[in-house]
Amino acid sequence: MSLLLLLLLVSYYVGTLGTHTEIKRVAEEKVTLPCHHQLGLPEKDTLDIEWLLTDNEGNQKVVITYSSRHVYNNLTEEQKGRVAFASNFLAGDASLQIEPLKPSDEGRYTCKVKNSGRYVWSHVILKVLVRPSKPKCELEGELTEGSDLTLQCESSSGTEPIVYYWQRIREKEGEDERLPPKSRIDYNHPGRVLLQNLTMSYSGLYQCTAGNEAGKESCVVRVTVQLTGIVAGALLIFLLVWLLIRRKDKERYEEEERPNEIREDAEAPKARLVKPSSSSSGSRSSRSGSSSTRSTANSASRSQRTLSTDAAPQPGLATQAYSLVGPEVRGSEPKKVHHANLTKAETTPSMIPSQSRAFQTV
């Protein structure tokens, strides 16, 4: 008899312990923590429901309760207005709903239902996942050929572990999305990649993706490899030498072409009049003039012009012979003989041979 009574008492007071459930949700989403019972129908007035939260630091607080036919859900400032019963808790569904989730909601939740000395317990472990914040891409090193460059990528927040992945972005058809061959990943700092011995082919867009169970975020950085100072200096020197050579070639060409040019503004040489001292000199002048005239007969039409009639002697006066000495220039006119120069010949008209009365060209 005593044994049967004991079994009845145990069956009356023993509560049903729920299994431990683990739920993962992303922050800012909605979550429902399950809790079911069958204790509300017989005696609703004595039904008590209570949700407790034990955070990661071991602190415990009441989230929501139902007691004496009243619901109390503004018990904490952190969860005020974000917690409620998900369904008809009087009918046996005392599940808890939290919306929107925050990282501070993470912890171990306990649902305790009591009615007329009977208890039901259930436990739920809630993990709130925070997706990585948008990472920041940076470059460390020199962007010159032959140098080493480090690509850095890091998210300031997010649930650990965060996985980082670097790749190239194809800007042209046929480009490879893989990192250059001489690339090393720093496994102690997953967001760091070392590009060794840069070349011009390393130039382009690089993307870093940070991801965890909650999601992914990425950033992009452009790498522009430049020529080294030595190469740039060599190119500058080569350019200067090439310009100097071209300038010297131009000057030499101008010097060679200058003697062949005919200057139209050059002044023609002036003729010089020579006064003979005696009749013998006049004869010599006449003979030499005749010889010179014969030797230059072919060019006389181009180099000699007839003296102007204005220089002819006046009637009755003896004419003194003059010789035109100087370079023969085509188109040049001989100087006119003035009357003042002819007055000297009046005193010796008998000494002037008749053949020297004309002007001779030497």
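Coordinate-derived values only; no laboratory data. Since we're looking at a predicted model, the values are computed, not measured. No Cβ is skipped: glycine too gets one built from the backbone with ideal geometry, and neighbour counts run over all protein chains shown.
Please say if the range 20-154 is rounded, prolate or oblate, where rounded means a/c under 1.5 for a ≥ b ≥ c the square roots of the C-alpha gyration tensor eigenvalues, and otherwise the choice is prolate for a/b larger than b/c and oblate otherwise?
Working: a/c = 3.98, a/b = 3.68, b/c = 1.08.
Prolate is the answer for the range 20-154, as a/c is 1.5 or above and a/b outweighs b/c.
Quote the FRET efficiency, to the nearest 0.05, computed for T21 versus D176 with a Förster distance R0 of 35 Å and r equal to the Cβ-Cβ distance. Between T21 and D176 the formula returns 0.15.
Each distinct pair of alpha carbons in the range 97-205 adds a 1/r term; the inverse of their mean, the Kirkwood radius, is 18.1 Å. Full extension of the chain between S157 and D45 yields a length gain of 35.6 nm, computed as 0.36 nm times the residue separation minus the alpha carbon distance.
Which entries of K102/K182; K30/K216; K30/K61 have Cα-Cα distances beyond 31 Å here? Walk me through the intermediate numbers first.
On the way: K102/K182 43 Å; K30/K216 19 Å; K30/K61 21 Å.
With Cα atoms farther than 31 Å apart: K102/K182.
So what's the net charge close to K127: Lys and Arg +1, Asp and Glu -1, counting the other residues with Cβ under 14 Å from its Cβ? Walk me through the numbers on the way to the answer.
Numbers: positive: K24, R25, K102, R108, R131; negative: E22, E29, D55, D105, E106, E160, E213.
Combined, the nearby Lys, Arg, Asp and Glu give -2.
Kirkwood hydrodynamic radius of the range 39-92, from the reciprocal of the average inverse Cα-Cα distance over all distinct pairs: 12.3 Å. Here the scattering of the range 75-147 is modelled by Debye summation over its C-alpha atoms, one equal scatterer each and no solvent; at q = 0.12, 0.22, 0.24 Å⁻¹ the log10 of I(q)/I(0) is -0.53, -1.13, -1.23. Here the 3J(HN,Hα) profile of the range 108-121, calculated from phi with Karplus coefficients 6.51, -1.76 and 1.60 at θ = phi - 60°, is 9, 9, 10, 9, 10, 10, 10, 7, 6, x, 9, 10, 10, 10 Hz, Gly and Pro shown as x.
Sorted from longest to shortest, the spans of the Cα atoms of the range 74-117 along the three principal axes equal 35, 19, 16 Å.
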